[in-house]
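The values are calculated or read from the model by the stated rules, or taken from the named source; none is laboratory data. Fair warning: this is a prediction, and the values are worked out from it, not measured in the lab. No Cβ is skipped: glycine too gets one built from the backbone with ideal geometry, and neighbour counts run over all protein chains shown. Heads up: the accessible areas ignore ligands, DNA and RNA and are worked out on the full protein's heavy atoms, side chains in. Shrake-Rupley method; radii C 1.70, N 1.55, O 1.52, S 1.80 Å.
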Amino acid sequence: MTHASACGKIIMFGEHAVVYGRQAIAVPIPSYRTDVKIEDSEEFNLTSNRELSDKEKDRLTQMCSVLYARFKLVGNILLEINSDIPINTGMGSSAALSVATARAVSDHFKLGLGIEEINAAAFECEKIFHGTPSGIDNSVVCYEKPIYFMETPQAFDIKEKFTLVIANSGIRPSTKEVLAEIRFAYIKDTEKYSKLFDEIAAIVSQARKCMETGDIKSLGNLMTLNHDYLRMLGVSIPETDRIVNLALDAGALGAKVSGAGKGGNVIVLVTDKTKDKVLEALSSYKTIISEIR
Ligand code: PMV
């Protein structure tokens, strides 16, 4: 039997624009993980600690088929999934599953894949879940480091750790559908969307500098600015705007939708002084606190 694990993640800046070649920043959330075990089996089988819909089972089977075809694998497996990463909220559940499965497959079939090959295989798997992903999700999960992504991943260091509250709006979008909607809007009005993506790209570059120099106050302002652009893209909904406003009113340094949007998570930058007030203001939502380093 082989066993592999992969972490959760959060996109801090640049979601959507990154699908169109602009830069984005994502950070790992190591305390939330997906574990995958693989053992030989008479026939292909899947088990999960979560109940799987037929659609999910179908996608997981497709994900395994992608890996079987890519590495010309022979023989059936039992794939056992254990995950505590919330699904469809922007915390990288599918990326973690793709990376953990690619790692477990590599060990089980003694492929000896390196990190780049695991990442490339996970990217192919991600396409099943997301349609046209940028590759940022599988990269941040695979490297488990802060990632600046512009068609390829670049790991970078954060000068000073900071704290994010991740608030779940309770509304579960499908990333694949949101991506398709944005693609449709982009094709209809390419000029408008390209301009918005360029503005977001400029925010991402500034945000990287703030993370590298420890300018947490400016980082917060940039998050809220990025959120304004996500609203213009149409991926924030009243519930996520409400969370952003509640958090800012409670003293947060910044707040924004994270990931595909139309629901999902809002990330909030807090300090030791503001954390409790923000958590109180968001007490009607499920929240996770994560230190980013
Ligand atoms: O919802 P998430 O966190 O899986 O993020 C999707 C991020 C997008 O930029 C919208 C898509 C992508 O593949 O980069």
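Output yes when any residue across segment 115-137 is more than 16 Å from the ligand (Cβ to nearest atom), out of contact with any helix residue (DSSP H, G or I) (no Cβ under 6 Å at 6 or more places or on another chain), modelled with pLDDT of 95 or more and not in a helix (DSSP H, G or I), and no when none is.
No, there is no match, as no residue in segment 115-137 is more than 16 Å from the ligand (Cβ to nearest atom), out of contact with any helix residue (DSSP H, G or I) (no Cβ under 6 Å at 6 or more places or on another chain), modelled with pLDDT of 95 or more and not in a helix (DSSP H, G or I).
Filter segment 138-179 for residues that are of a type in the set (S, T, N, Q) and either outside any loop (DSSP other than H, G, I, E, B) or open to solvent by less than 20 Å² (accessible area, probe 1.4 Å) (or both) and give the result.
Answer for segment 138-179, where residues must be of a type in the set (S, T, N, Q) and either outside any loop (DSSP other than H, G, I, E, B) or open to solvent by less than 20 Å² (accessible area, probe 1.4 Å) (or both): ASN138, SER139, THR152, GLN154, THR163, ASN168, SER169, THR175.
Out of the residues in segment 78-103 meeting the condition of being of a type in the set (Val, Ile, Thr) and within 16 Å of LEU52 (Cα to Cα), tell me which one is farthest from the ligand (Cβ to nearest atom).
So the residue we want is ILE81.
Tell me the residue from GLU126, GLU191 that is buried (at least 24 other Cβ atoms within 10 Å of the Cβ), out of contact with any strand residue (DSSP E or B) (no Cβ under 9 Å at 6 or more places or on another chain) and charged (D, E, K, R), please.
So the residue among GLU126, GLU191 that is buried (at least 24 other Cβ atoms within 10 Å of the Cβ), out of contact with any strand residue (DSSP E or B) (no Cβ under 9 Å at 6 or more places or on another chain) and charged (D, E, K, R) is GLU126.
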